[in-house]
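The values are calculated or read from the model by the stated rules, or taken from the named source; none is laboratory data. Just so we're clear, the structure is a prediction, and the values are computed from it rather than from any experiment. Virtual Cβ from ideal backbone geometry, glycine too; neighbours counted across all protein chains shown.
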Amino acid sequence: MEDVPQLLLELTLEAQRHPPRSPNRQRALNKLVNQILKSNLLGHPQKGQWPPDTYEDLYREALQKTCLEICQKIEHYKPEHPVMAWVNFTLKNRFIEAVKDFYEIQNKKVLILSLAALDKHLPPEDSPSKANLLRQFLEEDPEDIFKSEHIKGHPEATFQVLAIAKFVEDKTWEQIYQEFGISIATLSSFVARRSQKFKPYFHKYLQE
Amino acid sequence: MPTKTLPFTIPLSFEAHSLAQQYSQKQSNPQKAKQVYLNTLAVYAVDFYLRCMEFETDWLASDSRDPLMLKLLDIADLDVKQIGKIECRPVLPNAQSCGIPPDVWEDRIGYVAVELSESLTAATLLGFTKTPATEISLENLQSVDDFLVYLNRLQQQQPVVLRNWLEEIFAEGWQAIEELLHPEQLEPAFRSRGITYIGRGQQIDLGMQRAEKSVALVVTLHSEEESELEIKVQVYPLGGETYLPQGLKLIVMDESKEAVAESRDCDNFIQLEFSAELGEEFSVAVVLGEAKVTQHFRL
């Protein structure tokens with residue numbers, strides 16, 4: 001049997017000894033969090049006061065925030081107390097906050113969906129009128145920006161044409177490559193970079 | 001034997017799912033909505049992990065928090081301050097590879113694969129790659145350890161802007177000299193002169209594991225004229241040591257020249273002094289055996 005409290009103390013002091021973001025410190029923090037998560041020394045604040053499913057969600061949220069605080073405030077640990085006393089004190093406080101956040105989020109009807117449940121909760125296809133807004137904007141191009149830029153050496157491959165194919169008609173890069181005979185790397189790089197460049201233009205006309 | 005630190009499993013709860021839901025519901029069709037949901041969880045996990053590792057991230061400024069950009073491209077980016085943009089790709093349970101869509105092949109410093117659990121309540125960082133491909137086999141990913149080392153190296157390549165020091169603006173990790181050094185170490189170098197100086201220092205770890213040595217890199221500025229600064233770069237022992245390890249080298253380089261100081265048997269510190277003009281750049285390297293730490297500076 002290894003002495004877990006002693007190991008936790010050593011890892012904490014090891015992390016403190018090295019400057020922020022040094023490999024040794026990061027390694028110590030990683031191991032420390034791993035050890036804390038798998039130790040059976042973690043407290044369970046407010047247990048029994050919540051339905052089991054809700055409790056699990058609250059606990060996970062609080063535990064996650066606790067890990068972050070331990071890492072970011074490792075300097076605050078004082079070796080007079082066992083590491084787990086510090087961790088569990090933090091966990092208790094983060095649990096109280098998680099409860100507050102939970103009430104707020106409940107109003108927004110947030111569900112913690114599993115991969116299987118996700119498929120049943122996806123929003124439906126947009127109405128044609130809404131989908132048309134993007135097409136209309138790309139086609140009209142009120143400031144003549146989309147039509148003025150094209151892939152070098154391919155005047156037919158303007159941003160306008162490619163954006164309609166990709167964003168409105170939902171064509172794959174492969175399909176666009178077949179159509180224009182321009183490599184996927186060139187196509188995608190052009191479209192991604194220009195989308196970035198035209199972001200303010202998009203926002204100006206398509207603000208929701 | 002190099003030890004691999006397995007990154008810890010990141011718990012995902014209602015904060016993560018709330019964001020995922022918020023952004024996915026703004027999408028125009030179910031496929032796209034699912035993609036955004038999973039992408040958001042992946043970015044959430046990486047953002048959390050990097051903040052645990054004391055990096056500064058700016059998720060809100062990233063495209064993956066812009067509903068419009070999400071609608072156009074398959075994006076899961078995360079801005080890491082002073083370092084660059086990384087892409088966080090979700091990997092489903094039991095998958096053998098990680099897909100990286102052409103939408104994000106540009107302007108990324110790396111791609112992190114994030115495995116999500118069946119219940120979507122846990123995420124694990126699997127590794128990373130610097131070069132994108134449509135599909136990358138999980139076996140071919142570099143480790144998360146290497147990812148952290150890579151990010152740190154990129155950050156060190158960012159120059160420390162010394163001009164800011166004159167306005168008392170110091171980047172993270174640069175401590176007041178009094179906090180860093182033992183009072184006895186301050187004596188000869190800092191107290192004897194009656195002039196004002198601005199100095200800061202940083203702990204540097206040389207080497208790994210057992211053979212490690214920590215030293216302090218101290219940079220002091222002294223200005224007599226507006227346009228030119230006197231710069232002193234010093235290395236001190238840390239951890240209660242009186243002397244520097246023998247053979248430790250301090251190297252200052254600029255475009256055209258290089259100056260080297262090397263510690264002898266019983267040196268309390270070593271130093272190099274030079275002057276530089278505003279706008280000039282130089283690098284400082286501290287070398288001990290195989291270990292080398294380089295930091296860039298700009299005036």
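The set of residues in segment A:166-185 that are surrounded by 15 or more Cβ atoms within 10 Å (Cβ to Cβ) and either more than 21 Å from B:Thr134 (Cβ to Cβ) or in contact with a Phe, Trp or Tyr (Cβ under 9 Å, 6 or more places away or on another chain) (or both) comprises A:Lys166, A:Val168, A:Ile182, A:Ile184.
Within segment A:149-165, does at least one residue satisfy the condition of being at the interface with chain B (Cβ under 9 Å from one of its Cβ atoms) and of a type in the set (S, T, N, Q)? Working first, answer last.
So the first thing to find is which residues in segment A:149-165 are at the interface with chain B (Cβ under 9 Å from one of its Cβ atoms), and the list is A:163.
Subsequent filtering for residues that are of a type in the set (S, T, N, Q) retains none.
No, segment A:149-165 contains no residue that is at the interface with chain B (Cβ under 9 Å from one of its Cβ atoms) and of a type in the set (S, T, N, Q).
Filtering segment A:1-24 down to residues that are within 13 Å of chain B (Cβ to nearest Cβ) and assigned to a loop (DSSP other than H, G, I, E, B), which residue is nearest to the chain's Cα centre (by Cα)? Walk me through it before giving the result.
Here is the first cut: in segment A:1-24, the residues within 13 Å of chain B (Cβ to nearest Cβ) are A:11, A:13-24.
Add one more test, that the residue is assigned to a loop (DSSP other than H, G, I, E, B), and what stays is A:18-22.
Values: A:His18: 29, A:Pro19: 27, A:Pro20: 23, A:Arg21: 21, A:Ser22: 25 Å.
Per the stated criteria, the residue is A:Arg21.
Kindly indicate the residue of segment B:267-294 that is over 20 Å from the mean Cα position of the chain (by Cα) and over 27 Å from B:Glu228 (Cα atoms) and also surrounded by the fewest Cβ atoms within 10 Å (Cβ to Cβ) among those meeting that condition. This residue is B:Glu290.
Taking segment A:1-54 as the range and being among the small types (Gly, Ala, Ser) and farther than 17 Å from B:Gln203 by Cβ as the test, the residues that pass are A:Ser39, A:Gly43, A:Gly48. Looking at A:His81 and the list (1) touching a Phe, Trp or Tyr at 6+ places or on another chain (Cβ under 8 Å); (2) part of a loop (DSSP other than H, G, I, E, B), which single condition is not satisfied? With (1) touching a Phe, Trp or Tyr at 6+ places or on another chain (Cβ under 8 Å); (2) part of a loop (DSSP other than H, G, I, E, B) applied to A:His81, the lone miss is (1).
Any residue at all in segment B:127-140 that is more than 11 Å from chain A (Cβ to nearest Cβ), in contact (Cβ under 8 Å) with a residue 60 or more places away in the chain and either under 16 Å from the mean Cα position of the chain (by Cα) or surrounded by fewer than 20 Cβ atoms within 10 Å (Cβ to Cβ) (or both)? Checked against the condition, which is being more than 11 Å from chain A (Cβ to nearest Cβ), in contact (Cβ under 8 Å) with a residue 60 or more places away in the chain and either under 16 Å from the mean Cα position of the chain (by Cα) or surrounded by fewer than 20 Cβ atoms within 10 Å (Cβ to Cβ) (or both), segment B:127-140 yields no hits at all. Scanning segment A:97-120 for residues that are of a type in the set (A, V, I, L, M, F, W, C), closer than 26 Å to A:Gln35 by Cα, in contact (Cβ under 8 Å) with a residue 40 or more places away in the chain and part of a helix (DSSP H, G or I) turns up at least one hit.
The criterion of at least 1 residues that are under 30 Å from the mean Cα position of the chain (by Cα), among the basic types (Lys, Arg) and more than 17 Å from B:Leu72 (Cα to Cα) is met by none of the helices (runs of 4 or more DSSP H) wholly inside segment A:123-208. Quick check on segment A:83-96. Is at least one of its residues within 24 Å of the chain's Cα centre (by Cα) and within 9 Å of chain B (Cβ to nearest Cβ)? Taking every residue of segment A:83-96 in turn, none turns out to be within 24 Å of the chain's Cα centre (by Cα) and within 9 Å of chain B (Cβ to nearest Cβ).
Residues in segment B:67-82 include at least one that is of a type in the set (Val, Ile, Thr), more than 21 Å from A:Lys65 (Cβ to Cβ), in contact with a helix residue (DSSP H, G or I) (Cβ under 7 Å, 6 or more places away or on another chain) and facing another protein chain (nearest Cβ under 10 Å). Can you name every residue in segment A:167-183 that is modelled with pLDDT of 95 or more and within 9 Å of another protein chain (Cβ to nearest Cβ)? Within segment A:167-183, A:Trp173 is the sole residue that qualifies. If you go through segment A:25-56 and keep only what is of a type in the set (Ser, Thr, Tyr) and outside any loop (DSSP other than H, G, I, E, B), you end up with A:Thr54, A:Tyr55.
Scanning segment B:1-21 for residues that are in a helix (DSSP H, G or I) and either at pLDDT below 90 or under 27 Å from the mean Cα position of the chain (by Cα) (or both) returns B:Glu15, B:Ala16, B:Leu19. Of all residues in segment B:99-120, which are assigned to a loop (DSSP other than H, G, I, E, B) and crowded, with 21+ Cβ neighbours inside 10 Å? Passing the criteria: B:Ile100, B:Leu120. Residues in segment A:30-40 that are buried (at least 16 other Cβ atoms within 10 Å of the Cβ) and more than 7 Å from chain B (Cβ to nearest Cβ): 3 in all. Considering the conditions (1) within 14 Å of another protein chain (Cβ to nearest Cβ); (2) modelled with pLDDT of 95 or more, A:Arg135 is excluded by exactly one of them, (2). Which residue pairs have Cβ atoms closer than 8 Å, lie 6 or more positions apart in sequence or on different chains, and pair a first residue in segment B:27-38 that is free of Cβ contacts under 8 Å to residues at least 40 places away in the same chain with a second residue that is part of a helix (DSSP H, G or I) and of a type in the set (Phe, Trp, Tyr)? Once the first residue is free of Cβ contacts under 8 Å to residues at least 40 places away in the same chain and sits in segment B:27-38, its partners that are part of a helix (DSSP H, G or I) and of a type in the set (Phe, Trp, Tyr) give B:Val36/B:Tyr23; B:Tyr37/B:Tyr23.
For segment B:246-276, the set of residues classified as among the hydrophobic types (A, V, I, L, M, F, W, C) and closer than 13 Å to B:Val235 by Cα consists of B:Leu248, B:Leu250, B:Ile251, B:Val252, B:Val260, B:Ala261, B:Phe269, B:Ile270, B:Leu272, listed by residue number.
Among the residues of segment B:25-66, those identified as surrounded by fewer than 24 Cβ atoms within 10 Å (Cβ to Cβ), more than 7 Å from every other protein chain (Cβ to nearest Cβ), out of contact with any strand residue (DSSP E or B) (no Cβ under 7 Å at 6 or more places or on another chain) and in a helix (DSSP H, G or I) are B:Gln31, B:Lys32, B:Gln35, B:Leu60, B:Arg65. Filtered by the rule that a residue be of a type in the set (Val, Ile, Thr), more than 8 Å from chain A (Cβ to nearest Cβ) and free of Cβ contacts under 8 Å to residues at least 24 places away in the same chain, segment B:141-154 gives no residues.
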